[in-house]
Structures are given as structure tokens and as C-alpha cells.
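Working notes, structure below.
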Amino acid sequence: MTEIRNNIPMVALRGLTILPTMLIHFDVSRKMSIQAVEEALAQDQKLFVVTQRDPEKDSVQKEDLYSIGTIVNITQIVKMPKGIVRVLAEGLSRAELLDLRKEDFLVADVAAYVEEEQELPADYQQAMLRTLKDAFENYAVLQGKIGREVVLQILEEEDLSLASYQIAANLALHYKQKQKILETATVRERCELLCSLMENEQQVLKVRREIEEKVKARIDKNQREYILREEMKMIREELKEDNLNEADQFAEELKKLEANDAVKEKIQKEIDRFRSVGMNSGESSVIRGYIETLLSMPWDKASTDFEDLQRAREILEADHYGLEKVKERVLEFLAVRMLTKKGDSPILCLVGPPGTGKTSIGKSIAKALNKQYVRISLGGVRDEAEIRGHRRTYIGAMPGRIASGLRSAGVKNPLMLLDEIDKMSSDYKGDTASAMLEVLDNDQNRAFRDHYVEIPLDLSEVLFIATANSVQTIPRPLLDRMELIEISSYTENEKFHIAKEHLLPKQIEHNGLSDYRVTVTDGALRKVISGYTREAGVRSLERRLGEICRKAAREILEKNRKSVRVTEERLERYLGKARYTVQERNEQNEVGIVRGLAWTSVGGDTLQIEVNIMPGRGEFRLTGQLGDVMKESAQAGISYIRSVSSTYHISDDFFKKQDIHIHIPEGAVPKDGPSAGVTMVTAMISALTGIPVRADVAMTGEITLRGRVLPIGGLKEKLLAAKNAGIKTVFVPEKNRADVEEISDEIKKDLEICYAQTMADILPKALAGEIRPHKKNKKRKEKSDVESEA
């Protein structure tokens, strides 16, 4: 049964649900809520309270509130500091929110639910009442915070509805759970929900009590051990044994230490200080750790480098195929060291794509020179303390990575590989790249000062080799301190030799096939390289060879074979269908289609640039997901063509009546850079004049407004891509002639490389025909000839 009540003052509660029969204090601070309370006192002291769905909202609408609330009777209000009003109210009955209006305060129309006589059977009511009381009594015992008087009062209640509300009011439930209780339509639903909630709460309380008992037992045990340890310390301190013994051990180690007098004097002071500090002092462990660090540093201890150039060359050649520049630089360093018996160690930076052997060559160099090898990964390092160490005033202070690397090497002249130096970053804790400036400067690193060690470290004899994928993210001052050696992408022939001589034997051994005859033919290896991998390095190639070896191992066990031979025809059984195909050159010469050359992070590639001319209003379109630099290059190209249109017999109004559309296929792949400038100009001139472009021609170079051809980068990879695509003639900028001469003859073989200073050097050779007047120009010329004769 419901009773409609209109215009009753309302307060929206945040994080609180009030149930009928509940006597509770709650605070209101919002102006509208305070006015609603005052209005209720002025009327009949009745107030409708309902819980907000989101406690963080200040201004609420009807949809921001639960639909069921409680009508309460205000018995007392107390004004608190800071404009807060504390209200003492008693819940009367449930009510449904029908309408909400905002005046000076919230006013609601509600339907109040009047509790009627229960229609439940008497035996059910009695059973449910006993169940509720038993569950509540058990909950109160486990919870331990409900007063005994409250428990007795609820146990004496005989009305099922009142008992259910009183029990719900005394449960430590979240306001959302109490809201569910308030929203139950019948006493039966309310009682069943209460039983479920109390059962769950009892389980939680039992587990919590078990955890507390375990924690208490553990704490008692720890306290007992702590007291015993303290007693032992006191005994040792009285006997004056422990600290003195350790100090004596440190003094003995100091005598054996290879270091100069300044270092030994510093360590001796720390040992004396350690003797004077008591065992109970927190400083004792700090000093002990510091002394141990100083004693383990290789101050004047050095390893003897090999002085055999031939042996060093053999080791480098055996471990790595190619990388000639790196090997030559290492042998040069060794030769100078042999002649002068001294000399600063070089600081090299190997820059190249992933998987080209930059990190692994470090180990080979260390092996060839008989140096200790230390690898320091700098990827993601952003705290200066990682390089320079923490100051000893901090808890948990430790040396930086450079000092720790020397300590682990055990000598002062190791090979230290600074891996991924281009991946360092900086934040509010300092700039790691700036900290590396001192490390990688031969004039400054003779006295590198680690914040933790505090004594200058001599890094001048350390051979630093850094690796990076790109120099773009390395700060210029740091880059200036290193000797750059570029490691370019491997050719297919280099990959073949690496796979055959290094990767395949390694995978055969790794997969337990050393005792079996597993062979991969040369043709199969070349097909794996061209059809199943596309990368600058050889990491994917090694994974594919590992996949072949795993399948071969399974075949040996399942079919009881002694040998497996993988041929080009059987390769599909091991690796599936080929994943990549080489984009071959076109068979026929075509108008408006030119092959360009591009550099990617996994090597070179060819780009087919297409140009179409169509009737229109002189629009110029570019599609294929081109970057800003590439778009500007196309704009410069069309401006150049318009400036020389008379040379190619293009009519003056052509660019007003015709649209030009440039498209580069593979639109899902972003493309950018200026090196496609000459390619786009050639394609546009071909489309404008109707002369086809030779299918066996490719080109690369930046174009200017005056038609000059500027140099570009990544030439080795681009020429390799042209060769793989079957291109016969490649146009490159004249200013790249020196770069071409450095490229191995293996790549340049069968390629005709033409050098261009301007577009005039390219078009006559690239176009498969003579430039003739445009049709419209031809008609205009015939007309003018007739007029001149008349």
C-alpha cells in the first residue's frame, strides 16, 4: 500500500543509505540541502532522503538518484563549523521518488510504502526470524564491534519486518548493499538478502581473523629473533670481536690491493672509521658496503692485450662475415698500440638497422683483443644516477652502471659495450646523455667521478663501443665525441654466407641435431632469404632456420631417420608458402609510370609512381599516404614542369583544363622524403607528353624548382633493391658519385649507373621516344603557319 506525498523537502545523500527504524547522524553542507532541512523543521519535521548514484556530483537530476529512498523524522540539528549542519534523524518508511523539482531547495513528490500485516505463514515467519537472529548473533561475535545491549535488543524483537531493518542497520555494509536492502519489495526478499549478506560477511571475517592470527604469530616470532640478535650483538660488542675482525680483514685486503697511494689512504680512513663505529649504529652497514665496493674496484689492475694482428684478424673473420669497416678500425687500434705501447682507446659508435650484428661484434672484438667484455644496456635509462651513481647519503645508494661494469670486469681496461645508446631519455631526475659526455671524452674520462665511489676513476683505457639504430635521437655533443661507423643492410649474398657459415650450424647445435645429418641446399637458403624474410639484418632469417631445424628434429624422431635434406622444392613443407615476393620491373614501357627507389628500416625497396592526366579544372592530386616532405617535392616538380612547358611543347592553357593525379601504390604504407622528386617529375612529363618511360629504368634524387638534382641517402640499399627488381639502368645524383664508389662491386655488377646534375641528364635516356608537340599545340602551330602564309 502506498501513500502519495507531494512537495516534501528532499536531501540527496552521498555515500550513505538510511533504512527505516535507523537512528543516525548525517552531515549536510550543500546550501540546497541545508535549506531543505530547515524547511522540513518548519513544516512537520518530515524529510525525504535518497542516495546519489555518483557521490562526486554536486548538482543532481532525477536520473542521478536511486529511485527508492526513505522518509525520515528530524529530531535534532546542530550547526557545526565551516557551514556544516549535523542532522539527527530516524528512518520512518520506504518511499519511491516520483518527481523532483529544484527551487531554493530540492522538492520531491514521493509514494510512501506503508508496512502492512505480513501475509507470510506464521511458521515461516518464526523460522526466518530465528535464522536472522542466529546469523546476526554469529556475525556480532566475529565482528566484535557491536555492543551487547544492541544485540540483546534485536534478539528480543518479535516483528520480522522491524527485526530485518534493525539487523540491516547494524551491519557494516557498503551503502550500495544497503540500497539493495532498501529496494527489496517484500519482507521475504529482504530477509533472504540479509541472510545471504550476513553469510558472506561471516566468511570474510573468518578469513580476516585467520590472517590476523598468522600475522600476529609471525610478528611475535620476529620480535623474539630480534631480541636474541640484539643480545648477541651486545655480547660481541662487549667482547670487541666482530667489528675488529672485519676491519682487520679489510686491512689485509687493502695491503693486496693494486692502487695508488691516494686511493689506499682514502680506504684506510674508511676502515678506521668503521672500527670506531659501534655495531648498533645504522652507519656501520653503510660504511661496510662502501669499503667492500672500493676494495673490489680494479684501480690499477689491467689485463694484457693480444699483440698478434693475424690472430685478431682470424678471430674477427671467423665470428662475423662482412663488417669490414669495424674490423679494419679494430686492427688499426691494435697496430698503433703495438707500435707505441700506449695510445687512447677509441670510442666507436656502430650505427645500423636491427639485426646487423652490432652487439655481437663487441664480443668478438673483446675476444680478439683478449679484453674482458662488459655489456651495459642503455635502452630506456632516464636517470642520471644510473650513470654517475647515487650519493652515499641516500638509503640503498649504489654505484652507477659504469663503475659497476668496471667492478664486474675486474680490470681497468675492459671492452665496454654501450648498447642502444640512442634509446636513452631524460626526465626531472637528470639528463643521462649529458652524464655520458664525461664518460665518452678521452680528455675528461681520465678522472671520471662516480657519486657513490667519490674517488676519480680512470676510464681512458676502457675501449668503449656504442651501438645505435639511428643517430637522429643522439644529442649532437654526445655524437661529436664518438667515431661513427655505419653498418648498412646486408646484401642477399652476404646473408647467404652468414646463414651458411654461422646461423645454420648454430641452429643445428641449438636444436640437438649435431649427431644427425641435416643439410639445407644453397638454393633453399637463397629462397628462405628472398621469400620468407624481409629485413636489413638476419634475425628473422635465424628464426626461419630455427623453424626448419625444429621440424627436422620432429621428422627424425617420428620417422626414425638419420638424415634430413631440405631442398628448394621441399622448403614449403617446412615453412609454408613464401611470404614475400620481389616486385619485378614491368615488362613493357608505359606512359606515366616510373620506378622509384626508397630506403626503409628493413632495407631498400622500389616504388612504382603512377601519373594520370584527365579533363578537369587544373587540380593537382596526390594519393598513397604521402608525407609532407614528399608532397612538397611533388609541388616543386610540377612548378618546374610548368616553368619549362614550352620546351616540352605543352600548351599554355593545359594546366587550367587538365587535372594531374599522382598515386604511389601500397596506400596503407606511409611514405615520405624528398628522394622521389626526380621520379615524380619524369612520370609527369611522360604523362603530359605521351612518351612512355623505359621499364628497365629506376631513379632517385631530390628535385629543385630549377630542375637541379640534389643528393640523397641510403644509396646502397636502394641500388640493391633495384638489382633485385631486375632494373638495368639507375639514375643517381652526381653528388652521390663518391657514395657509389664505396659500394661493393657485387651490388653494382650488371647495373648501369648514370649520374645526373639536372633533369636534362635524365629525361633523354629515361624516355623511350622523342619529345613531340602536344596535339593541341600541333593544331595551334598549323593554324599559325596558315595565317602567316596568308
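The values are calculated or read from the model by the stated rules, or taken from the named source; none is laboratory data. Model, not experiment: these values are computed from the prediction. All Cβ positions, even for glycine, are placed from backbone atoms using ideal geometry, and neighbour counts span all protein chains on display. Side chains included, ligands, DNA and RNA excluded: accessible areas come from the protein's heavy atoms. Shrake-Rupley method; radii C 1.70, N 1.55, O 1.52, S 1.80 Å.
A few points about this structure:
- Cα gyration tensor shape of segment 719-759, rounded if a/c is under 1.5, else prolate or oblate by comparing a/b with b/c: oblate
- Helix 324-340 and the longest principal axis of the C-alpha atoms of the chain enclose an angle of approximately 80°.
- A 1.4 Å probe run over segment 276-405, with the rest of the protein chains in place, finds 47 Å² accessible per residue.
- Hits among aspartates and glutamates - C-alpha to C-alpha of Lys214 under 19 Å, sequence gap 8 or more where chains match: Glu225
- Candidate lysines for bridging to Lys57, where Cα separation is under 16 Å - those fewer than 8 sequence places away on the same chain excluded: Lys31, Lys102
- Rounded to 10°, Cα long-axis angle of helix 31-42 versus longest principal axis of the chain: 20 degrees
- Taking only the Cα atoms of segment 425-507, the ratio Rg/Rh comes out at 1.14, with Rh defined as the Kirkwood radius.
- For segment 65-143: relative contact order, % (alpha-carbon pairs under 8 angstrom, 6 or more apart): 21 percent
- Translational diffusion of segment 45-128, µm² s⁻¹ [Kirkwood Rh, Cα pairs; Stokes-Einstein; 37 °C; 0.692 mPa s]: 214 µm²/s
- Options Val538, Trp599, Asn586, ranked by Cα towards positive dipole end of segment 465-600, top entry (Cβ charges): Val538
- Calculated from backbone phi, Karplus (6.51, -1.76, 1.60) coupling profile of segment 191-206 in Hz, x at Gly/Pro: 5, 5, 5, 5, 4, 5, 5, 5, 4, 5, 5, 5, 4, 4, 5, 5
- Portion, in percent, of the accessible area of segment 372-434 that falls on carbon or sulfur, probe 1.4 Å: 45 percent
- Using the alpha carbons alone, the radius of gyration of segment 251-338 stands to its Kirkwood radius in an Rg to Rh ratio of 1.30.
- Ligands, DNA and RNA are left out, and with a 1.4 angstrom probe the accessible area of segment 413-554 is 43 Å² per residue.
- For segment 314-371, fraction of C-alpha pairs farther apart than 15 Å, in %: 49 percent
- Accessible carbon and sulfur surface of segment 138-189 relative to its total accessible area, %, 1.4 Å: 48 percent
- Relative contact order of the chain, pairs being alpha-carbon contacts under 8 Å that are 6 or more residues apart, as %: 7 percent
- Cross-link table Lys269/Lys367; Lys500/Lys735; Lys325/Lys765; Lys495/Lys765; Lys631/Lys718; Lys423/Lys551, entries beyond 30 Å C-alpha to C-alpha: Lys269/Lys367; Lys500/Lys735; Lys325/Lys765; Lys495/Lys765; Lys423/Lys551
- Relative intensity of segment 550-695 on a log10 scale, I(q)/I(0) at q = 0.15, 0.16, 0.22 Å⁻¹, equals -0.79, -0.87, -1.39, per a Debye sum over C-alpha point scatterers of equal strength in the absence of solvent.
- Measuring r between the beta carbons of Gln757 and Ser639 and using R0 = 25 Å, the FRET efficiency lands at 0.85.
- For the chain: rounded, prolate or oblate by the Cα gyration tensor [a/c cutoff 1.5]: oblate
- Listed values for segment 555-560 are Karplus-derived 3J(HN,Hα) couplings in whole Hz (6.51 cos²θ - 1.76 cosθ + 1.60, θ = phi - 60°), namely 5, 4, 6, 6, 9, 6, and x replaces Gly and Pro.
- Per-bin percent of Cα-Cα distances, segment 530-570 [5 Å]: 6, 20, 24, 21, 14, 10, 4, 1
- Once the Kirkwood radius over Cα pairs is known for segment 349-396, the Stokes-Einstein relation at 10 °C and 1.306 mPa s delivers a diffusion coefficient of 116 µm²/s.
- Protein accessible area in segment 477-582, 1.4 Å probe - carbon and sulfur %: 43 percent
- For segment 664-716, fraction of C-alpha pairs farther apart than 15 Å, in %: 57 percent
- Cα-derived Rg over Rh, computed across segment 521-595 with Rh taken as Kirkwood radius: 1.16
- Shape class for segment 1-66, computed from the alpha carbon gyration tensor (a ≥ b ≥ c): rounded, with a/c under 1.5.
- Expected 222 nm ellipticity per residue - DSSP helices of 4 or more, -39500 (n - 2.57), all of the chain, to 500: -13500 deg cm²/dmol
- Assuming charge only on the beta carbon of Lys and Arg (+1) and of Asp and Glu (-1), the dipole of the chain about its Cα centre is about 2680 debye to the nearest 20.
- Distance in nm between pseudo-label sites at Leu228 and Arg209 (7 Å out along the Cβ direction from Cα): 3.1 nm
- Degrees, to the nearest 10: 775-789 long Cα axis against longest axis of the chain: 50 degrees
- Measuring how big segment 72-188 is from its alpha-carbon positions, Rg and Dmax come out at 17.5, 54 Å.
- Kirkwood radius, segment 297-434, all distinct C-alpha pairs, inverse of mean reciprocal distance: 16.6 Å.
- Taken over the alpha carbons of segment 396-546 as equal point scatterers, the Debye sum produces base-10 log I(q)/I(0) values at 0.15 Å⁻¹ of -0.88.
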